Amino acid sequence: MCAEALVGGFLRPAANWQICMYEKDAEPNLAVKSVWFGAELFGKVAKLVRSSDELESSATDDRAPASLGEAIERLQRDYEGTLADPRPYFLTGVMDEALYDEDCEFADPFVSFNGRQRFVDNLSNLAGGFITEASTRVLSTERGPSSYSTKLLVKLRLGLPWKPVLAWPWGVLHEFDEDSGLIVRHIESWEVSPAEGVKQLFTRGDGKSV
């Protein structure tokens, strides 16, 4: 996700991680990209071995938003979580699916694809096992005429044998279609250099706090 192409200039990372990820002549490090797809596969396998009563619906509302204002308010609630579990949607796997267009574009520094269901499945699967410990702190939020962006400090322990801990500012730009009120682009940005990202991913996390 380059700073301009990925987030359209809405979130400008301190490092050029996004730029190197989305230039055609600078593909992500093969090992790191392999971990991303491995994580996706891990989530699918984990879902198969979990019993049906362990799997919860990821939808919090099945109604399409009646207005852009309602859509943004519901999105903010996804970040706030619930009284029972006040963690953001990307850690619980519980998201308001009806806020997203079925062909919504999702992009992060590793991959870009269209399709709400793939994102929903990945989110549910990874939150259900691949992320074993996490903490977040809101750094900033910004509401535009047809967008909502957030930046959080996120720390994650991954369910890999060496238990790595990833920690860096993470931003998301949500772009809405003004007519439908649905999110049509979900673009993530990570403020971390390629070298630091790879170092964290392949460093043992034993003894590190999250």
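Here are the numbers for this structure:
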{"quantity": "Note, ³J(HN,Hα) from phi for the stretch 198-210, Karplus 6.51, -1.76, 1.60, rounded to Hz, x at Gly and Pro", "calculated": "5, 4, 5, 5, 10, 9, 4, x, 4, x, 8, 7, 10"}
{"quantity": "Distance-filtered residues of the stretch 81-98 - backbone nitrogen under 11 Å, label point 7 angstrom along Gln117 Cα→Cβ", "calculated": "none"}
{"quantity": "Charge tally in the Cβ shell below 12 Å around Gly144, where Lys, Arg are +1 and Asp, Glu are -1, Gly144 excluded", "calculated": "-2"}
{"quantity": "14 Å beta-carbon shell around Pro164, net charge (K/R +1, D/E -1)", "calculated": "+3"}
{"quantity": "Under 5 Å, built H, 5+ apart or other chain: amide partners of Leu139", "calculated": "Lys151, Leu152, Leu153"}
{"quantity": "Coil-residue GluC sites (Glu not before Pro) of the stretch 150-210, DSSP, other Cβ within 10 Å capped at 16", "calculated": "Glu178"}
{"quantity": "Proximal charge balance of Ala134 [Cβ under 15 Å; K/R count +1, D/E count -1]", "calculated": "+4"}
{"quantity": "Whole-Hz ³J(HN,Hα) from phi, Karplus 6.51 cos²θ - 1.76 cosθ + 1.60, for the stretch 148-153, glycine and proline x", "calculated": "9, 10, 9, 9, 10, 8"}
{"quantity": "Fully extended contour minus Cα-Cα distance, from Val138 to Leu153, at 0.36 nm per residue", "calculated": "4.8 nm"}
{"quantity": "Under-5 Å amide H pairs with Cys104, H placed in peptide plane, nonlocal only", "calculated": "Gly115, Arg116"}
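Any read-out appearing in this document is the output of simple, stated calculations on the displayed coordinates, not a laboratory observation. All values derive from a computational prediction rather than experimental measurement. A quick note on method: Cβ atoms are made from the backbone with ideal geometry, for glycine too, and the neighbour counts reach across all protein chains shown.
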